[in-house]
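Worksheet for the structure shown next.
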Amino acid sequence: MNDPQLSPDGGPSAAEPLRLADTPGYPLARGVDTTDLDAVPYGTGALSIRFGDLALHPLAAPEPVATEVLEEITKVTYRIPALSLTGRYALDARPDEISAIDAGGNPFQPLTSEQQQPTFPTAPAPHTPPDEQTQERWHGRARAHRDALMRTENGRKLLVEYGKHNDTYCEVFAGTDSVSKILRKEWRARGVTRRMAEHTYSVTDPDTPRGEQQPVNEWTDDESGVSYNGHAWSQRTLLVTALATKASSRKRKGDVQNAERYQAAAKSTESFSLEVQQTGNASGDTTPLTQQQVYQTVEDHSGTVSPPSAEAMARYEPPAGPEELMAREAPGETAGAEPDGWVALSAQDHEVIESIHRAFYHQEAAEADPADNTLHLGQVSARLEDVRITVKLPAGPGGLPTEPEDVEVVLPEFDLSVQDEHWEGNAGAVAKERLAGMSFLLGLLRDSTAETLRHSVLAGTPGYTPPTEGA
């Protein structure tokens with residue numbers, strides 16, 4: 001493995017390291033035979049690993065890649081040639097069943113209280129919503145089309161059927177847990193949803209004569225290159241996954257009523273997607289439709305929809321445990337032809353599903369009781385080559401982005417080197433095997449790394465911001 005402490009030119013970087021938040025104990029395996037470990041007072045245990053003292057070190061100064069002027073906005077892409085990620089880990093064990101052992105007897109405290117604070121808070125960066133005048137324009141247009149739908153039989157059926165879940169939809173967006181937070185973050189990402197909303201408003205004036213109407217879904221975002229249907233499909237996958245994940249979470253906690261409510265909203269969203277798919281519109285397919293053609297599609301519909309199958313909905317549910325995580329294929333490898341009656345999912349859709357599940361996995365780990373025994377402590381490290389960052393600068397070159405969605409961080413693929421040579425016994429062998437296959441865990445570290453870099457750019461931290469001219 002490359003030594004992460006060495007820069008490409010052999011010299012140190014002047015920028016300060018960025019500290020990442022310590023992680024909870026991420027579960028690796030259950031039902032592990034621990035009888036060969038004298039330090040563990042039980043025969044079968046569950047293994048988990050947690051990380052602390054995580055820090056990003058830039059190994060070279062940022063370099064410019066491209067600059068693009070889009071009307072009043074300057075878009076700048078630059079690269080950090082290399083970053084090192086260093087930290088420490090604790091491999092822990094606890095009984096599979098509830099233990100009477102004092103869980104605080106063997107804590108892992110890798111840092112001082114000062115060091116344990118991440119460079120940036122875990123709270124999301126401030127978000128500026130569209131101004132009130134813009135929101136009122138959008139809402140007014142939506143109300144006008146709602147009124148028009150209510151004047152037709154099928155339109156009323158549609159609004160009544162999907163209006164049943166409005167409170168649940170509002171709740172999932174307004175929640176304070178990790179799933180709602182990632183939902184909001186991804187919904188706002190790069191400002192695509194906002195620009196798509198403005199486009200939709202511009203081509204759906206109810207007073208436009210039929211012969212002059214433009215297709216609503218024949219649009220591509222100039223900044224991201226994402227199509228109307230591509231973005232809409234990604235957003236609906238995001239919503240279905242968030243609802244299904246919350247349903248699973250409530251079910252695990254015995255809250256059957258709310259679990260059923262979330263699941264019903266998820267299935268309703270999926271069934272609507274199936275109907276849309278039958279019009280020739282999906283993530284990678286576009287059949288242009290004007291607003292009048294949309295109304296005609298509703299009017300010609302049979303008025304009944306089929307619920308999605310349990311197997312189809314299982315794609316959106318979070319993994320039951322470490323064993324299921326191990327069995328999962330990487331995002332993209334599962335994308336392909338779907339059975340008839342299923343909503344088609346692209347590689348991008350699978351990545352969206354994984355992002356929600358990682359957030360849920362992190363929260364579950366954070367809420368779990370602490371481990372009883374720390375089996376091993378050691379170092380972790382990684383080297384990230386060619387980190388790309390793209391920012392939108394409202395004030396032009398030399399300024400800084402003002403919104404989280406104005407910063408896009410693209411990380412390269414990287415492996416985490418774990419100092420595990422001294423892991424012993426059956427537990428050590430199982431932990432090595434599980435850790436080697438836990439792409440999910442590496443995904444969590446990638447998320448944390450990208451978010452920390454995004455905050456550093458917004459904060460104007462030297463060594464991470466766009467290079468200045470002549471630098």
Here is a check on your reading of the model: is residue 204 part of a loop (DSSP other than H, G, I, E, B), β-branched (Val, Ile, Thr) and surrounded by 16 or more Cβ atoms within 10 Å (Cβ to Cβ)? yes
Scanning for something part of a helix (DSSP H, G or I), of a type in the set (Asp, Glu) and more than 27 Å from the chain's Cα centre (by Cα), does the range 192-200 turn up at least one residue? no
Taking the range 343-381 and keeping residues in a strand (DSSP E or B) and either buried (at least 22 other Cβ atoms within 10 Å of the Cβ) or not aliphatic (A, V, I, L, M) (or both) leaves 373, 374, 375, 376, 378, 379, 381
Residues of the range 311-354 classified as under 17 Å from the mean Cα position of the chain (by Cα), of a type in the set (Ser, Thr, Tyr) and at pLDDT below 90, total: 1
Report the residue count in the range 403-413 for those that are of a type in the set (Val, Ile, Thr) and surrounded by fewer than 17 Cβ atoms within 10 Å (Cβ to Cβ). 1
All but one of (1) outside the structural domain of residue 241 (by TED's automatic domain parsing); (2) more than 17 Å from residue 78 (Cα to Cα); (3) hydrophobic (A, V, I, L, M, F, W, C) hold for residue 450, so report the exception by its number. (2)
Taking residue 252, is it farther than 20 Å from residue 315 by Cβ and among the basic types (Lys, Arg)? no
The residue that is surrounded by the fewest Cβ atoms within 10 Å (Cβ to Cβ), considering only those in the range 414-459 that are among the aromatic types (Phe, Trp, Tyr) and touching an Asp or Glu at 6+ places or on another chain (Cβ under 9 Å), is 414
Looking at the range 160-172, can you tell me whether even one residue there is surrounded by 14 or more Cβ atoms within 10 Å (Cβ to Cβ) and over 28 Å from the mean Cα position of the chain (by Cα)? yes
Criterion: surrounded by fewer than 15 Cβ atoms within 10 Å (Cβ to Cβ) and not aromatic (Phe, Trp, Tyr) - qualifying residue of 147, 177: 147
List pairs: first residue in the range 203-227 and over 30 Å from residue 151 (Cα atoms) and among the hydroxyl-bearing types (Ser, Thr, Tyr), second residue part of a helix (DSSP H, G or I) and at pLDDT below 90 anywhere in the structure, Cβ distance under 8 angstrom, at least six positions apart or on different chains. 224/190
Looking only at the range 174-191, which residues are within 28 Å of residue 292 (Cα to Cα) and either outside any helix (DSSP H, G or I) or not small (Gly, Ala, Ser) (or both)? 187
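The values are calculated or read from the model by the stated rules, or taken from the named source; none is laboratory data. Keep in mind the model is a prediction, meaning the values are calculated, not measured. Counting neighbours? That spans all protein chains shown, and the Cβs are built from the backbone with ideal geometry, glycine included.
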